[in-house]
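The values are calculated or read from the model by the stated rules, or taken from the named source; none is laboratory data. None of these values were measured; they are calculated from a predicted model. Because the Cβ atoms are built from the backbone with ideal geometry, glycine has one as well, and the counts that use them run over all protein chains shown.
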2 protein chains.
Amino acid sequence: MSGPRRSVDIMARVAVMQGPAATGSVEQNLAAIEAAARESAAAGARLLVTPEMSATGYNIGDLTGERAESLDGPIVRAIIELSQRYSLTVVAGLPEREQGRLYDIAVVVAPSGLVIARHRKVHLFAELDRDRFAPGDRLVTQFECADRTFGLAVCYDVEFPELVRAHADSGTDILVVPTGLMQPYTVVSRILVPARAYENQLFIVYANRCGSENGLEYCGDSVIVGPDGADLARAGAEEELLIADLDAAALADGRRRNTHLADRRPDLYPAKPFGRRD
Amino acid sequence: MSGPRRSVDIMARVAVMQGPAATGSVEQNLAAIEAAARESAAAGARLLVTPEMSATGYNIGDLTGERAESLDGPIVRAIIELSQRYSLTVVAGLPEREQGRLYDIAVVVAPSGLVIARHRKVHLFAELDRDRFAPGDRLVTQFECADRTFGLAVCYDVEFPELVRAHADSGTDILVVPTGLMQPYTVVSRILVPARAYENQLFIVYANRCGSENGLEYCGDSVIVGPDGADLARAGAEEELLIADLDAAALADGRRRNTHLADRRPDLYPAKPFGRRD
């Protein structure tokens with residue numbers, strides 16, 4: 001009954017920084033990201049994913065505007081510097097200011113020093129987001145790393161099957177999700193994220209904050225999930241660095257076994273998505 | 001910190017028959033459904049959900065055609081009789097024959113004696129289905145019971161977020177899913193079904209087969225899930241009858257707290273769903 005063992009083909013070792021556990025100054029947050037970058041590089045990771053607004057704090061009220069920057073500001077310059085220093089692709093979060101608007105963004109910086117992707121959160125969460133941010137207007141943001149296609153989503157974005165389907169259809173192999181998931185929403189990390197990975201046959205790297213921040217209790221529970229919906233690594237409630245190897249053979253094997261994408265019935269699905277129920 | 005307790009408003013007590021554990025004759029299967037109906041009625045249930053092809057067996061090869069019937073055949077007449085006898089709405093599965101084609105269907109029979117709904121599986125699973133069945137051509141099938149709107153899906157259908165989204169947009173409060181989930185797919189019952197309930201804010205009643213049938217090992221693991229993604233009742237691996245009360249207050253509460261449907265960005269979603277990747 002035991003066939004030949006499936007071969008293993010590591011396409012990327014990735015790291016997730018869970019933290020920081022407090023708002024801190026921008027300098028403190030950048031120091032925490034640098035410490036995670038140093039540790040990730042020492043562990044042989046190619047990519048480090050940090051949480052939503054990892055450089056500034058997330059539930060920071062009026063500080064959001066004070067700490068917001070453009071893509072050529074000092075925060076992104078600092079991320080570029082540490083990406084180059086540790087030869088590591090780094091995903092970091094901050095509030096972006098452009099033409100008088102604020103966006104909740106994730107940026108991806110390559111060891112070349114280039115900002116290779118920027119995703120503006122497209123699904124805003126409650127007044128917490130709507131009172132501060134304008135929504136992004138591009139659904140699918142992708143970048144290349146280790147010869148694979150990565151995608152970006154920010155927090156609430158991943159809860160929408162429509163967004164992750166669009167990634168799968170656009171060829172995303174690994175979806176990277178900086179997040180700020182708070183209590184009582186552990187169901188998102190435990191149930192929704194594994195479901196998205198399985199139903200779309202891709203890896204998901206979900207990097208959460210932890211600790212408390214101005215009345216929010218973050219869940220921790222950061223997770224790296226395989227295309228079979230099973231955890232490759234999962235964090236507890238405290239600051240932690242997760243490391244996992246993403247196996248190309250597992251991706252190919254999953255896509256051969258689970259054919260949901262090909263088995264859809266687009267002939268029957270509503271030709272236009274339903275609008276808001278305002 | 002402890003506010004007033006949320007009120008409870010039972011809208012329907014539902015029952016799930018997990019089984020039968022063998023193919024059996026049609027007479028044996030109808031006897032098993034009748035036993036479940038008797039027990040469900042005694043427990044005060046309004047609705048009994050039985051698995052995929054509960055009246056005939058599912059992985060039955062050439063027997064599929066031999067046991068297939070039209071909606072006015074003896075199987076549906078037997079379901080009508082027991083529905084009337086126990087004043088119970090009954091969901092049963094069988095192969096339907098119409099104009100030379102076979103469909104994998106679930107029928108809903110009300111205590112009035114009327115067949116109030118029939119859903120033909122629209123997402124066919126692998127050669128196991130494709131070699132026998134034609135796919136249904138209606139995505140959303142609904143029926144009324146206990147003054148609530150129920151929806152129908154068969155097995156693999158529920159794995160597609162597009163189908164359950166269409167139910168949510170059509171007003172389905174409780175999605176009923178006769179299924180024949182086999183190993184190694186427990187991820188569907190444990191992860192996908194709870195995700196569908198949570199992301200669409202509805203109850204799901206997922207009634208599975210158990211035991212083994214011509215080389216398939218069914219998972220059991222039938223489940224009734226609430227709109228918060230949490231189990232109301234979950235079966236083990238053996239024959240079992242699940243009972244749960246569906247609470248209208250939990251539905252209203254969940255829809256107030258979780259606003260995914262309103263928070264979608266249909267302006268950004270692909271105007272036409274992607275086609276097959278053949």
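Is it the case that region A:157-168 has a residue that's buried (at least 24 other Cβ atoms within 10 Å of the Cβ) and more than 21 Å from B:Arg165 (Cβ to Cβ)? Scanning region A:157-168, I find no residue that is buried (at least 24 other Cβ atoms within 10 Å of the Cβ) and more than 21 Å from B:Arg165 (Cβ to Cβ), so the answer is no.
Of the numbered criteria (1) more than 16 Å from the chain's Cα centre (by Cα); (2) modelled with pLDDT of 95 or more; (3) over 16 Å from A:Pro111 (Cβ atoms), the one A:Gly44 fails is (3). When the residues of region B:116-135 are filtered to those that are assigned to a loop (DSSP other than H, G, I, E, B) and touching a helix residue (DSSP H, G or I) at 6+ places or on another chain (Cβ under 9 Å), the one that is farthest from B:Tyr206 (Cα to Cα) is B:Arg132.
Of the residues making up region B:187-232, those that are within 16 Å of the chain's Cα centre (by Cα) and among the β-branched types (Val, Ile, Thr) are B:Val188, B:Val193, B:Ile204, B:Val205, B:Val223, B:Ile224, B:Val225.
Against the definition (within 30 Å of A:Gly61 (Cβ to Cβ), among the polar types (S, T, N, Q) and within 13 Å of chain B (Cβ to nearest Cβ)), how does A:Gln201 come out, yes or no? So A:Gln201 does not fit the description; no.
When B:Asp245, B:Asp231, B:Asp253 are checked against the criterion of being more than 9 Å from chain A (Cβ to nearest Cβ), more than 25 Å from A:Leu261 (Cα to Cα), surrounded by fewer than 20 Cβ atoms within 10 Å (Cβ to Cβ) and modelled with pLDDT under 95, B:Asp253 stands alone in meeting it. Just to verify a result, which residue in region B:89-135, among those that are loosely packed, with under 15 Cβ neighbours inside 10 Å and within 14 Å of chain A (Cβ to nearest Cβ), is farthest from B:Thr149 (Cα to Cα)? Checking each candidate, the answer is B:Glu127. Just one of (1) assigned to a loop (DSSP other than H, G, I, E, B); (2) on the phi < 0 side of the Ramachandran plot; (3) within 18 Å of the chain's Cα centre (by Cα) fails for A:Gly57. It is (2). Among residues of region B:28-44 that are assigned to a loop (DSSP other than H, G, I, E, B), those with a Cβ under 7 angstrom from a residue that is of a type in the set (Lys, Arg), sequence gap 6+ or separate chain, pair up as B:Gly44/B:Arg13.
Among the residues that make up region A:177-195, is at least one of them modelled with pLDDT under 95 and surrounded by fewer than 19 Cβ atoms within 10 Å (Cβ to Cβ)? Checking region A:177-195: not a single residue is modelled with pLDDT under 95 and surrounded by fewer than 19 Cβ atoms within 10 Å (Cβ to Cβ).
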